[in-house]
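The values are calculated or read from the model by the stated rules, or taken from the named source; none is laboratory data. Being a predicted model, the structure only gives us computed values, none of them experimental. FYI the Cβ positions are ideal-geometry reconstructions off the backbone, even for glycines, and counts take in every protein chain you see.
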């Protein structure tokens, strides 16, 4: 566009100069008014060409600004649409996970109730409960404590994901967070686990859990157990266990 306007300016300037030079070759004496009018006409035309060019250039600049603004708005809208799609995807996943959680919870509770009503020993129940929790949740480590009627302590009966030579002290009702969970017969979720508390063993080495569940189950005077379950994410096991404890109390 600028290249074309230059040629228009050159042509206009050539015409203007020609209008001036032609008077050098005319022998007839022309009135000053005629010459002035003609010169003003050419100046007017040149002015129109200039202002038209200026207006066209401003229009182009304004159009470019509008286009840039539209592109910017379109980019913002595309980003908002992308964010909305991500939020929708997360919401759908949460909804599916919630459905899976509810479905798994019902099946797990049914299996647990079947297990505790089968009159098995506390040792067998603790082993089967750990097996069930490993099946339905991402359990990194677990310990099953069983009540010892002679010492009135809860001794370690079975373990998973923990070294066999690790020394684990028995639990006394009312002492520490484990003992308090037993005294209250309420599940406990511990989120701030000390670094030195427990290591989860795996084929690739050791790792630290982030969540610890204390799950008491007091069936009768002799069959008493408490499970200590470590996971890397919040599985909501205490919610299921609380429903189990409440339902067992009502039966």
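Limited to region 210-243, what total is found for residues that are in contact with a helix residue (DSSP H, G or I) (Cβ under 6 Å, 6 or more places away or on another chain) and part of a helix (DSSP H, G or I)?
Of the residues in region 210-243, 1 are in contact with a helix residue (DSSP H, G or I) (Cβ under 6 Å, 6 or more places away or on another chain) and part of a helix (DSSP H, G or I).
Sort out which residues of region 136-158 are at pLDDT below 90, surrounded by 12 or more Cβ atoms within 10 Å (Cβ to Cβ) and either out of contact with any helix residue (DSSP H, G or I) (no Cβ under 7 Å at 6 or more places or on another chain) or farther than 24 Å from residue 235 by Cα (or both), and write them in order of number.
Of everything in region 136-158, those that are at pLDDT below 90, surrounded by 12 or more Cβ atoms within 10 Å (Cβ to Cβ) and either out of contact with any helix residue (DSSP H, G or I) (no Cβ under 7 Å at 6 or more places or on another chain) or farther than 24 Å from residue 235 by Cα (or both) turn out to be 140, 141.
Cβ-Cβ below 9 Å, separation at least six or inter-chain, first residue in region 170-195 and outside the structural domain of residue 147 (by TED's automatic domain parsing), second in a loop (DSSP other than H, G, I, E, B): which pairs?
none
Could you list, in sequence order, all residues of region 137-161 that are touching a strand residue (DSSP E or B) at 6+ places or on another chain (Cβ under 8 Å) and either assigned to a loop (DSSP other than H, G, I, E, B) or without any contact (Cβ under 8 Å) to a residue 12 or more places away in the chain (or both)? Please lay out each step first, then the result.
Quick first cut of region 137-161, residues touching a strand residue (DSSP E or B) at 6+ places or on another chain (Cβ under 8 Å) only: 137-148, 153-161.
If the condition is that a residue be touching a strand residue (DSSP E or B) at 6+ places or on another chain (Cβ under 8 Å) and either assigned to a loop (DSSP other than H, G, I, E, B) or without any contact (Cβ under 8 Å) to a residue 12 or more places away in the chain (or both), then 137, 138, 161 are the ones that fit.
Given the residues 84, 133, 108, 129, which is the only one that is under 32 Å from the mean Cα position of the chain (by Cα), closer than 30 Å to residue 182 by Cβ, assigned to a helix (DSSP H, G or I) and modelled with pLDDT of 80 or more?
Details: 84 fails: closer than 30 Å to residue 182 by Cβ; 108 fails: modelled with pLDDT of 80 or more; 129 fails: under 32 Å from the mean Cα position of the chain (by Cα).
Just one listed residue meets the conditions, 133.
Tell me whether region 162-172 contains one or more residues that are surrounded by fewer than 19 Cβ atoms within 10 Å (Cβ to Cβ) and in a strand (DSSP E or B). Outline the logic, then answer.
Kept after step one, since they are surrounded by fewer than 19 Cβ atoms within 10 Å (Cβ to Cβ), are these residues of region 162-172: 163-170, 172.
Of the ones still in play, those that are also in a strand (DSSP E or B) are none.
So far as region 162-172 goes, no, none of its residues is surrounded by fewer than 19 Cβ atoms within 10 Å (Cβ to Cβ) and in a strand (DSSP E or B).
Identify, from the list 214, 189, the residue that is at pLDDT 85 or above and over 27 Å from the mean Cα position of the chain (by Cα).
On the way: 189 fails: over 27 Å from the mean Cα position of the chain (by Cα).
Matching residue, one of 214, 189: 214.
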